[in-house]
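Student: Pasting a structure below so you can have a look.
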Amino acid sequence: MPSLGTRLLGILLYMIPWTDSLIFGNHLFIKYPFIQIIQVPAIPIILIERSIPFGSLLLFLAIFLGLVRNSKISYFLRFNALQSLLINIGIIIISFIFEIIFSPFLNSLIIRTFSSTLFISLFSVIIYCVWSCTQGDEPNLPGISQATKMQL
């Protein structure tokens, strides 16, 4: 069973993909302003990324080199660090697709619906991962967890 500090750090690691997924909820935040409260856990990561030049890249490299590749750190923490980074990479790829392909159609109903659905799905994934970390379990996400275990 991982220690309380390890579990808290595991939870904090999942705030990194959460910060990048917030962009998909813009339409929901405008329509329902009361749900902006779910942005609060991402504020420390956003401040770190924006206060340092190339902050998101440096944070990614620090987590990858400092946690994932350090065999002295517990497997639980390394697993959650790598899984959160893989989720984040997927979110970044999806956001690039949105910017490149769907940019002329950003205000269409289909794109707003897809964006909101993606945001709610990512929120559910992050909540599941955070809940699993609080229980001391490894979150089992199909495909991502297998890729994580193969790399560790």
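Only the coordinates and a few stated rules stand behind these numbers; no lab work does. These numbers were taken from a predicted model, which means no experiment stands behind them. As a convention, Cβ positions derive from the backbone with ideal geometry for all residues, glycine included, and neighbour counts pool all protein chains shown.
Student: Show me 49-57, 82-90, 143-151 ranked by packing, highest mean number of other Cβ atoms within 10 Å first.
Tutor: On the way: 49-57: 12.3, 82-90: 21.7, 143-151: 14.0.
Those peptides, ordered most packed to least, come out 82-90, 143-151, 49-57.
Student: Measure off 7 Å from each Cα along the Cα-to-Cβ vector at ILE101 and LEU152, then give the distance between these two points in nanometres to one decimal.
Tutor: It is 3.2 nm.
Student: From the alpha carbon gyration tensor of the chain, can you work out the equivalent ellipsoid semi-axes (sqrt of 5 times each eigenvalue) and give them in Å, largest to smallest?
Tutor: 28, 16, 16
Student: Something else: Roughly what would the spin-label model give for PHE64 and PHE29, points 7 Å off Cα along C-beta, in nm?
Tutor: 2.7 nm
Student: Between ILE120, PHE105, GLN151, whose Cα lies farthest towards the positive end of the dipole of the chain when Lys and Arg beta carbons carry +1 and Asp and Glu beta carbons carry -1, centred on the Cα centre?
Tutor: Looking along the dipole axis, the top candidate is GLN151.
Student: Where is the GNM fluctuation largest for the chain (alpha-carbon springs, 10 angstrom cutoff): PRO44, PRO17, PRO139?
Tutor: Of PRO44, PRO17, PRO139, the Gaussian network model singles out PRO44 as fluctuating most.
Student: Same structure again: Give the residue from SER84, ILE45, SER71 lying farthest towards the positive end of the charge dipole for the chain; charges sit on Cβ (+1 for Lys and Arg, -1 for Asp and Glu) and the dipole is referred to the Cα centre.
Tutor: SER71
Student: Which log10 I(q)/I(0) values, to two decimals, does segment 9-73 give at q = 0.11, 0.22, 0.24 Å⁻¹ under the Debye formula with one point per Cα?
Tutor: The Debye formula, applied to the Cα set alone, gives -0.32, -0.96, -1.06.
Student: Describe numerically, in nm with one decimal, the distance between label points set 7 Å from Cα along Cα→Cβ at ILE43 and at SER74.
Tutor: 2.8 nm
Student: Continuing with this model, one more query. Order the peptides 70-77, 107-114 from the highest to the lowest mean number of other Cβ atoms within 10 Å of their residues. The partial results should precede the final answer.
Tutor: Values: 70-77: 13.2, 107-114: 11.8.
In descending order of packing, they fall as 70-77, 107-114.
Student: On to the next question. Can you give me the Cα centroid spacing of segment 1-68 and segment 73-97 in angstrom?
Tutor: 11 Å
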